[in-house]
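Each reported figure results from applying straightforward, stated rules to the coordinates on display, with no laboratory input. Bear in mind that the values here come from a model prediction, so they are computed numbers and not experimental data. As a convention, Cβ positions derive from the backbone with ideal geometry for all residues, glycine included, and neighbour counts pool all protein chains shown.
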Amino acid sequence: MSDGVMVSVIMPVYNSEAYIENAVDSVLRQEFDGFELIVVDDGSKDGSGAICDRLAQKDERVVVLHKPNGGICSARNAGLDLARGEYITFCDNDDEYLPGLISENYTLAKRENADVVRFCRAKTETYNGIVITETVTGGFSLQAISAGEIGRKYGEIKKARSGVWTGMYRKGYLIKHGIRFDESMRFGYEDVMFNLSCYEAGGTIVLNPGVYYRWLQRLEHSTTGKYSKNVYDSIIRCLHKEEKIVRKYNVKNELPGEWQLWLTKDYIAELYDRLRPGIEWLDKKTIMSTLKTFREEKAFLIRTGRREQKYLLQQGFTTWLMWNLFQKKKLMLLYRLIYLKKRK
């Protein structure tokens, strides 16, 4: 803790002049003494940088760093280097903090001596200002999980999802274990890798079921879900990292069937979604080659017994079918079924 700063909020900014002021205001409205907001202007080409400077002049809690464009991971790492707080949180430049995010999660972190606190978010999808869907994460209770309990409670931890903006992280823990954002991940999965690294290190994890963050996904501008070779490589690296965690904490024996469930939802379904029809350069040959290479990953070469099959079926017929078709290498049949269903 430096100069009374207990929590550092890191906000990467890039070409967000229409939204940045609302995002910053939502953080500054937090009822908590002792936080700083580090706004990292990552080489914006619009008026975002000037807006950041104006906001900093109005409120001494705002610290602005201007840097050449390097991507969101580079911007967040630059914020980590500047952060003076005992704990770190994140906010994207077009989202919103909800009341109590800093105060209530910092109180929990101190009370439980937590290395990581994970909480819930609301997601609002809009298209040209019209709300399409609204969802909330959750499904877990308030609890502190020690390193020795991670294997048994990993399923609970997974319910907190992957966004780093639904986390509060002890800065000393990140430094001790060398946890930073992987700047080679340019088009997604950097949050997944960051959180997996935190879990692998084996600290105390606190789960808070409160909803404190609003993810505002504007579909007309969204790049989420696009495919590139970088995306594929990032998925594979996250898969390998999570496979190590599952082995380290003996998750397969602690939670039979859940590993197959996560493989299906977090990796198989995600890759198929990225390979959706309509991407011009993705022909059938490229799609088939990508899926075949993916199927040969060691993580998928596992036995699925009756107990695991029963568990998957309990999660839904679609999930059970996806896993079994993928296991049986019916890769293009699964592809056709997915997109036939989505076209209806």
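Peptide packing: for 136-144, 198-206, 89-97, 265-273, the average count of neighbouring Cβ atoms within 10 Å per residue gives the ranking 89-97, 198-206, 265-273, 136-144, highest mean first. Across segment 1-45, the residues whose backbone nitrogen lies under 18 Å from the label position 7 Å along the beta-carbon direction of Asp81 are 9-14, 38-44.
DSSP beta bridges confined to the chain are antiparallel in about 40 percent of cases.
Projected over all directions and averaged, the alpha-carbon convex hull of segment 69-129 occupies 6.0 nm². Each peptide in 318-329, 164-175 receives the mean, over its residues, of other Cβ atoms within 10 Å, and ordering these scores from highest gives 164-175, 318-329. With the highest mean first, a sort of the peptides 101-114, 284-297 on other beta-carbon atoms found within 10 angstrom per residue produces 101-114, 284-297.
Using C-alpha pairs below 8 Å separated by at least 6 residues, the relative contact order for the chain is 16 percent. Mean residue ellipticity, 222 nm, helices only, the chain: the sum of -39500 (n - 2.57) across DSSP H runs of n ≥ 4, divided by residue count and rounded to 500, is -13000 deg cm²/dmol.
On the basis of the beta-carbon distance and an R0 of 22 Å, Asn113 and Arg180 show a calculated FRET efficiency of 0.45. Since only Leu282, Gly316, Tyr19 are under comparison, the one whose Cα sits farthest along the positive direction of the charge dipole of the chain, derived from C-beta charges on Lys, Arg, Asp and Glu, is Gly316. Spin-label model, Ser228/Arg303: points 7 Å from Cα along the beta carbon direction are separated by 4.2 nm.
Over segment 256-343, the fraction of Cα-Cα pairs per 10 Å bin, rounded to whole percents and listed from the shortest bin up, is 16, 52, 26, 5, 0. For the pair Met288 and Leu142, a Förster radius of 41 Å applied to the C-beta separation gives a FRET efficiency near 0.35, rounded to the nearest 0.05. Computed from the coordinates I sent, mean projected area of the Cα convex hull in nm² equals one of (i) 19.7; (ii) 17.6; (iii) 16.1. Tell me the label. Computing mean projected area of the Cα convex hull in nm² and matching it to (i) 19.7; (ii) 17.6; (iii) 16.1 gives (ii). Straight-line cross-link reach from Lys67 at under 17 Å between alpha-carbon atoms covers these lysines, not counting any fewer than eight positions away in the same chain: Lys45.
If a spin label sat at a point 7 angstrom from the Cα of Arg247 along the line to its beta carbon, the backbone N atoms of segment 161-203 nearer than 19 Å would be those of 193, 196-202. In segment 239-344, Cα pairs under 8 Å separated by at least six residues give a relative contact order of 35 percent.
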